[in-house]
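The values are calculated or read from the model by the stated rules, or taken from the named source; none is laboratory data. Everything numeric in this text was worked out from a predicted model, so none of it was measured. Note that each Cβ is placed from the backbone with ideal geometry, even for glycine, and that neighbours are counted across all protein chains shown.
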Amino acid sequence: MAQRHGLGVRVKPVLLGNVFAETGGPVLAKRHPARQRYRLVELQRWRDNLGLSFHLRSRHWPFDPALADRLIIAIERSGGDALGFFARASSAFWEKQENLADEATLQRLADEEGLDGSALLAQAQSEATAETYRQNLQDAVTADVFGSPAYVLDGEVFWGQDRLGLLEEALISGRPPFRPEANGSDPP
């Protein structure tokens, strides 16, 4: 979609648990069991709808995604294909059940993307990248992002992969971004 519209995508990883803590959303394990079950049904629907093959419960779930997230930041900073790496890493996690908290796994996945995994991992572990990771959280909260995936276009948040059609409609129309009404009333 970005290519069709001549746009770039800035990937800004955040630790979702921290986003939830800042915006009042419960982490998955604390959601009502009905919501947890519904999530599994939705995963099955999307898996079928998109013709994908992935495990609903990866053997490494939950895991600490901080290093993988910071590696994506390092890839983005280096001018590499962060979305390509994300797709490879997601496939490795959900389809092949690989451990994305493992440095060797992350380095191999980066190398397989034609990147310098070792150098990027060193950059991912730097204080500068840690600061960017912290700033991404603040940017997300400031932008009213409360979940993932979230896409922000001119300050308007589109939450969830099922909102991509609405995002494309906004791009096609060129309309100004929708904003909440300051006084809470409906627009005319």
Task: Test for Ala66: is it surrounded by 13 or more Cβ atoms within 10 Å (Cβ to Cβ), within 27 Å of Asp144 (Cβ to Cβ) and either in contact (Cβ under 8 Å) with a residue 24 or more places away in the chain or touching a Phe, Trp or Tyr at 6+ places or on another chain (Cβ under 7 Å) (or both) - done: yes
Open item on the list: Would you confirm, using the coordinates I've provided, whether Ala101 is in contact with a helix residue (DSSP H, G or I) (Cβ under 7 Å, 6 or more places away or on another chain) and either at pLDDT 95 or above or in a helix (DSSP H, G or I) (or both)?
Closed with: yes
Task: Failed item, numbered, when Ala68 is tested on (1) of a type outside the set (Ser, Thr, Tyr); (2) closer than 29 Å to Ala2 by Cα; (3) under 19 Å from the mean Cα position of the chain (by Cα); (4) in a loop (DSSP other than H, G, I, E, B) - done: (4)
Task: Subset of the stretch 3-31 (residues that are farther than 17 Å from Gly147 by Cα and out of contact with any Leu (no Cβ under 9 Å at 6 or more places or on another chain)) - done: Gln3, Gly6, Gly8
Task: Out of Gln135, Gln97, sole residue that is over 18 Å from Gly79 (Cα atoms) and in contact with a Ser or Thr (Cβ under 7 Å, 6 or more places away or on another chain) - done: Gln97
- [ ] Would you confirm whether any residue within the stretch 101-123 is surrounded by 13 or more Cβ atoms within 10 Å (Cβ to Cβ), in contact with a Phe, Trp or Tyr (Cβ under 6 Å, 6 or more places away or on another chain) and among the small types (Gly, Ala, Ser)?
- [x] yes
Open item on the list: Considering only residues that are over 27 Å from Val141 (Cβ atoms) and assigned to a helix (DSSP H, G or I), which ones fall in the stretch 20-57?
Closed with: Pro33, Ala34, Arg37, Leu40, Val41, Gln44, Arg45, Arg47, Asp48, Asn49, Leu50
- [ ] Within the stretch 104-132, work out how many residues are part of a loop (DSSP other than H, G, I, E, B) and either acidic (Asp, Glu) or in contact with a Ser or Thr (Cβ under 8 Å, 6 or more places away or on another chain) (or both).
- [x] 3
Task: Selection from the stretch 5-19 of residues that are free of Cβ contacts under 8 Å to residues at least 60 places away in the same chain and part of a loop (DSSP other than H, G, I, E, B) - done: Gly6, Gly8
Open item on the list: Which count do you get for residues in the stretch 14-60 that are at pLDDT 90 or above, out of contact with any helix residue (DSSP H, G or I) (no Cβ under 8 Å at 6 or more places or on another chain) and of a type in the set (A, V, I, L, M, F, W, C)?
Closed with: 7
TODO: Please work out if Phe146 is part of a loop (DSSP other than H, G, I, E, B), touching a residue at least 60 places away in the same chain (Cβ under 8 Å), of a type outside the set (Ser, Thr, Tyr) and under 26 Å from Phe20 (Cβ atoms).
DONE: yes
